[in-house]
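Worksheet for the structure shown next.
The values are calculated or read from the model by the stated rules, or taken from the named source; none is laboratory data. Because the structure is a prediction, the values reported are computed rather than measured. Neighbour counts are summed over all protein chains in view; Cβ atoms, including those assigned to glycine, are modelled from backbone coordinates with ideal geometry.
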Amino acid sequence: MGGSTNVDVSQRIAVWLETVPLLMRELNAEHVSIISHSCGVIYALNTIYAYPEILPPANPTLHLFSPWVHPQQSGVTLMNVSSKLPAPLINHFSSVLSFVNQVVAPSIAFSSGAVTSASGLLLSSDTSTSDQGRKKKHERDDLCREYRGASAAVTAARSDESMRRMWKEDITGANGEALLSLKKPQAGSWGVCENYETCPRELEARITERLSQRSQDASTSSPSTTEAQPVLHIRVFWAETDMMVGKKGEEYFDKCFKAHCTEQSRLTYRSETVEETDHESLCHPQYGGLPKALQDISGTA
């Protein structure tokens, strides 16, 4: 992506896991809080599995925004069709994306904008609804200014410009991400999250083992204190409408983690849906999900 080094799809997770400690050392950081979006969940869960000590010991929390679920479990039609495409075709995914975003999308946006403007001339809205809408817009602008330093409209314009420039760069790395997300053979395993049904159990066992070992080596905490506290809090934010994961995918992911995260588990799990969002806008601060995650991390929630 851009000027970054190309990494073979089969080595993506491995190279990422090699990079994390080097990056932490370069930043002179001992702990870091992790937030991921979509297929970033694959990297996030594997990072915590490999380096559980990377999370702040006082608040070991992972925040996931619309975590990716394979089409086999989500049942999303478009993703299901994509998963059945041959790998050589998916390797041209970036070319299709560039064409769609630079040629097709602008024309669609113009057409839909014209239709919206025309319909706006014909339809009048109720005053109370307009007032409510203005109030919500004002509140969202305030949130956006607090977390992004600009109104939602300005932030959206900046984002559009960033995306426009991105599509002009080398994005062939997206092909590898597509192959990995769709579990094509050449992409290799998803590691600890290869199977979400067993992932929570494996994650808890690994984290508990590593933290216990570090605790014994350092001789800084008693076993009784260590055993009493959760080793990981998982907080998930879902979009109200999500064409990538779908409701079935959300329910599957929730079910897998909730089944394990009982009172006997040292993992806790909580999920919520953010109103009026889709797969992409879910991460925008004005809708409230991201501010909640950041407040949670800073301990101000």
(Q) Restricting to the stretch 225-281, give me the number of residues that are aromatic (Phe, Trp, Tyr) and farther than 22 Å from residue 47 by Cβ. (A) 1
Q | Candidates 237, 253, 257 - the one that is modelled with pLDDT of 95 or more, aromatic (Phe, Trp, Tyr) and under 21 Å from residue 136 (Cβ atoms) | A | 237
Q: Look through 267, 282 and report the one residue that is aliphatic (A, V, I, L, M) and more than 22 Å from residue 195 (Cα to Cα).
A: 282
Q: Please determine, by comparing only the residues of the stretch 242-301 that are out of contact with any Leu (no Cβ under 9 Å at 6 or more places or on another chain), charged (D, E, K, R) and part of a loop (DSSP other than H, G, I, E, B), which one is farthest from residue 61 (Cα to Cα).
A: 276
(Q) Please list, ordered by residue number, the helices (runs of 4 or more DSSP H) wholly in the stretch 132-223 having 3 or more residues that are in contact with a Ser or Thr (Cβ under 8 Å, 6 or more places away or on another chain), of a type outside the set (Asp, Glu) and surrounded by fewer than 17 Cβ atoms within 10 Å (Cβ to Cβ). (A) none
Q. Of all residues in the stretch 1-24 being in contact (Cβ under 8 Å) with a residue 24 or more places away in the chain and surrounded by fewer than 11 Cβ atoms within 10 Å (Cβ to Cβ), which is farthest from residue 180 (Cα to Cα)?
A. 3
